[in-house]
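One structure below.
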Amino acid sequence: MYVICLDADPVHVVHDHQAGKVRGVPCFSCNAALGQFKDRPDVLRRAAEYLEGIVWKPTLEAPGVYQLPS
């Protein structure tokens, strides 16, 4: 059963600490990444947007003048 990365062996049973329910069985690296992001979906979404270039795409305001998102 692959949970996130789809190419590594699942080795960690991960559970929701508050609910006490099993979430899934990610690989070591994916489990560590989730821990680094403190299990916060909002932070993970921003990280994905950063990697996809959505956050830092400048808007052309005038020739040679770009506005970065705030």
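The values are calculated or read from the model by the stated rules, or taken from the named source; none is laboratory data. Not measured: the values here are computed from a predicted model. Glycine also receives a Cβ, built like all others from the backbone with ideal geometry; neighbour counts cover every protein chain displayed. The accessibility values were calculated without ligands, DNA or RNA, using every heavy atom of the protein model including side chains. Shrake-Rupley method; radii C 1.70, N 1.55, O 1.52, S 1.80 Å.
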Cβ-Cβ cut-off under 12 Å around GLU49, Lys and Arg +1, Asp and Glu -1: the net charge is +1
Once amide H atoms are built 1.01 Å from N in the peptide plane, which residues 5 or more positions from CYS27, or in another chain, come under 5 Å H to H? VAL3, ILE4, CYS5, VAL11
The answer for the chain, accessible area per residue at 1.4 Å probe in Å², is 84 Å²
Convert 25 °C to kelvin, take the viscosity as 0.890 mPa s, use the Kirkwood radius over C-alpha pairs of the chain as Rh, and evaluate the Stokes-Einstein diffusion coefficient in µm²/s, rounded to a whole number. 169 µm²/s
Kindly provide the trypsin sites (Lys or Arg not before Pro) of the chain that DSSP labels as loop, not H, G, I, E or B, and whose Cβ sees at most 12 other Cβ atoms within 10 Å. LYS21, LYS38
Accessible area of the chain belonging to carbon and sulfur atoms, whole % at 1.4 Å probe: 58 percent
